[in-house]
1. Show Tyr569, Tyr191 ordered by accessible area, largest first, where the area counts protein heavy atoms only and the probe is 1.4 Å.
2. When we measure straight from the Cα of Lys534, which lysines land under 22 angstrom away, once same-chain ones fewer than 8 places off are left out?
3. Would you mind pulling out the separation of the Cα centroids of the stretch 575-625 and the stretch 416-470, in Å?
4. Would you rank Lys566, Lys593 by solvent-accessible area, highest first, keeping every protein chain in place and using a 1.4 Å probe?
5. List the relative contact order of the stretch 424-563 as a percent without decimals, with contacts defined as Cα pairs under 8 Å and 6+ residues apart.
6. For the cross-link pairs Lys401/Lys698; Lys268/Lys374; Lys527/Lys566, which exceed 26 Å when the distance is taken from alpha carbon to alpha carbon?
7. Can you list the DSSP H helices in the chain whose Cα atoms extend at least 20 Å along the helix axis and whose mean Kyte-Doolittle hydropathy is 0.5 or higher?
8. So, taking all protein chains as they sit and a 1.4 Å probe, how much accessible area belongs to Glu91, in Å² rounded to tens?
Amino acid sequence: MYVGKPIKRIEDPKFLTGGSTYVDDIELPGTLFVAFLRSVKPHAKIKIKKNGNNVFTGYDINPGKDFPIPIEETTYVGQPLAIVVGRDRYEAYDLLESIEVEYEELPYVIDPQDALKNDVKVYSKKESNIYEYKKWEGGNIEQSLKEADVVINGELYNQRVIANPLETRGILAYFDGNRLNVWSSTQSAHYLRRNLMNFLGIDNIRVIQPDVGGAFGSKIIAHPEEYAIAKLALKMKRPLKWIPTRSEEMQSAGHGRDKRLKFKVAVKRDGTILGIDGTLIADLGAPYPDANDDEIGNVHSTVRMLLGPYRIQNVRIEEYAVNTNKAPTQSYRGAGRPEATYFIERIINIISLELGKDEFDIREKNLIRELPYKNALGITYDTGDYIGLLNKAREYYETLKKEASTDECIGSSMYVEITAFGPWETARVLAKSDGKIMIITGSGPHGQGDGTAFAQIVADVLEIPIENIEVRWGDTDIISDGIGTWGSRTVTIGGSAMYKAAEELRRRLIEVSAKMLNADVEEVEYKNGIFSHKKSSKSFTIKEVIQNAYSMGYSLDVTYVYNVTKPGYTVPYGVHLALVKVDKETGSIRVRKYIALDDVGRVINPLLAEGQIIGGALQGIGQAIYEGTIYSKEGYLLNSNLTDYGFPTAVEAPRIEWHYIEKGLSGHPTNSKGIGEAGAIASTPAVVNAVEKCIRKKIVNMPIRPEEVI
Ligand code: MCN
Ligand code: MO
């Protein structure tokens with residue numbers, strides 16, 4: 001059995017030996033390089049003068065519309081306005097200087113709280129800056145506020161951060177006279193293909209996702225540059241390549257979070273939470289349909305998961321999702337759930353400090369005891385042992401306490417989240433004539449190691465050595481359709497598709513072997529790659545069966561669509577602990593040790609899952625004490641490079657310890673739930689809670705700055 005074992009990633013040898021291929025490594029003869037002229041004004045009417053025929057604008061890409069490339073009005077600094085094509089990247093960037101843009105400046109609004117007033121319009125063609133207003137209610141909030149012994153008011157800001165994968169976005173597009181071929185650093189080849197088909201109005205498109213150097217949610221949507229280049233490639237019939245600089249990337253892509261909660265929480269003296277009343281303001285940034293649609297889903301996740309793992313019956317959240325003249329926000333690791341967990345777990349800490357009670361006692365008092373449980377905003381929590389996990393975490397907490405010196409505090413957080421979204425995913429499992437099995441997923445892993453997990457799953461079903469499995473993905477030509485890799489869905493939904501496809505292949509192999517053995521199917525015994533007749537001593541190897549199948553009229557090429565019926569998600573949970581050292585003289589904050597305890601159902605590969613927790617926790621630690629965009633009043637992003645944008649490196653990384661239990665199995669064939677985002681969800685509040693305990697002062701903003709600590 002491979003499932004459950006810490007198998008090393010089969011993806012890695014090529015990465016470790018320089019054998020990987022990213023978009024920028026792909027060279028097609030005659031390739032031209034594309035660069036984008038970007039807006040330097042947060043809001044203005046624009047007129048672009050083109051000198052030369054290598055310059056293109058929104059009029060060439062989307063005549064009559066402002067999306068994806070604006071024709072008349074720019075709405076954020078960094079927005080792509082014009083496109084130049086050069087023989088190489090140097091010429092392309094030089095050519096940018098030949099373009100003249102006339103800006104007629106318009107009033108702009110940077111703070112979403114100002115944008116709500118609608119005094120200044122973010123985009124003149126939109127009636128209101130408010131993209132969505134929604135009132136979410138459950139139970140009776142007024143009653144709970146009346147019954148409370150204490151009502152605590154507060155404000156929490158989950159700031160805007162940037163996903164910043166090591167590899168920026170990038171695209172190479174070539175129309176060969178018949179078909180548009182696109183190589184993109186994307187999270188899903190099929191999803192990008194669908195978007196390009198809609199935009200261009202043509203069907204003959206192949207999208208290839210080569211190796212991708214991380215994405216963290218920022219490469220789900222199709223970005224304006226991708227639409228523009230695809231369109232130009234059709235026109236120019238030459239291969240076009242675009243790779244942004246780090247600063248361009250940071251100005252225009254991968255912004256996430258940016259949500260503020262103003263709350264009132266009704267509590268009893270004993271720590272029982274009666275209700276939460278709040279206003280949520282989410283900054284969507286500038287209007288861009290792909291990003292805004294993506295982010296509004298995340299806003300809903302924030303609201304619906306805001307009650308955490310607690311039996312809070314009464315809730316009212318007024319949600320304002322509002323446009324501003326900043327870069328659009330979009331999914332970033334956790335996508336709405338980090339904000340939810342941040343808000344509720346910060347509230348738990350605030351209650352515990354206010355009432356002088358241990359936060360574990362507050363949690364225990366309010367914890368959901370019976371599963372399944374439907375929360376007051378309609379999310380069903382499926383399986384697990386919340387109290388068992390909480391008690392186990394308490395033991396780690398007590399041990400950490402003994403380890404902590406006087407300038408150190410321990411913060412904790414408990415999360416529930418939603419993962420493994422449907423509605424479906426594909427898998428193709430096929431036997432090749434050399435006896436090996438090729439498996440293809442319709443999703444698009446880009447660093448997680450799902451390929452290894454898929455191979456483990458299929459190797460177990462087919463009872464063959466993992467070495468005999470080849471894993472492929474990321475090409476719309478090799479599997480008919482697919483969804484993609486996000487929402488911590490891949491190993492569970494994609495893996496269940498693999499499981500089912502492999503089962504079907506196994507069934508077919510038995511059928512073929514039965515014919516070869518002159519036996520009924522029931523008379524065949526299959527074990528570890530050998531098909532034998534139960535009654536005679538005759539047997540065949542899997543390779544022999546594969547090599548005979550086609551001539552016998554059998555296809556050993558199975559595509560399976562795994563459809564997820566209600567509710568279409570799974571609910572993992574856990575408790576994370578951060579031991580944080582706070583120096584009140586210098587203001588420095590340092591996470592010294594971090595312990596995570598999770599239940600994500602069956603763990604397919606503990607090494608991969610642990611890697612996800614480590615990476616995610618480090619990103620969440622980054623949000624707590626290092627990261628955050630800084631916009632000037634004039635709408636410029638002041639820290640759009642890795643020197644000025646605080647970023648945890650290996651130096652800042654604490655020791656991260658991971659533990660897991662497997663009580664909350666999902667109903668999927670893999671029995672798993674997702675873990676790809678849990679670290680980023682749980683870590684931020686754990687760290688901030690620790691600092692808050694140390695400095696005994698309510699923290700509203702992140703990253704926590706030294707001046708706050710001194
Ligand atoms: N895993 C496991 N057992 C489980 C759950 C997961 O062994 N019960 C393993 C899987 O085999 C896989 C990894 O953990 O190797 C993550 O699986 P899963 O939870 O299904 O999440 P996805 O593969 O769908 O990954 C998406 C998730 C998201 S949404 C973001 S954002 C993110 C993340 O993964 N972006 C990443 N992790 C990332 N890691 C890297 N290196 N790069 C990114 O861009
Ligand atoms: Mo994601």
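The values are calculated or read from the model by the stated rules, or taken from the named source; none is laboratory data. Computed from a predicted structure; not experimentally measured. So basically every Cβ, Gly included, is an ideal-geometry build from the backbone, and we count neighbours across all protein chains shown. Accessible surface areas use protein heavy atoms only, side chains included; no ligands, DNA or RNA. Shrake-Rupley method; radii C 1.70, N 1.55, O 1.52, S 1.80 Å.
1. Largest to smallest exposure gives the sequence Tyr191, Tyr569.
2. Lys515, Lys543
3. Spelled out, the Cα-based centre of one part sits 29 Å from the other.
4. Lys566, Lys593
5. Dividing the mean separation by the residue count of the stretch 424-563 yields 34 percent.
6. Lys527/Lys566
7. For the chain, where a helix must reach 20 Å along its axis and average at least 0.5, the hits are 606-625, 678-695.
8. 50
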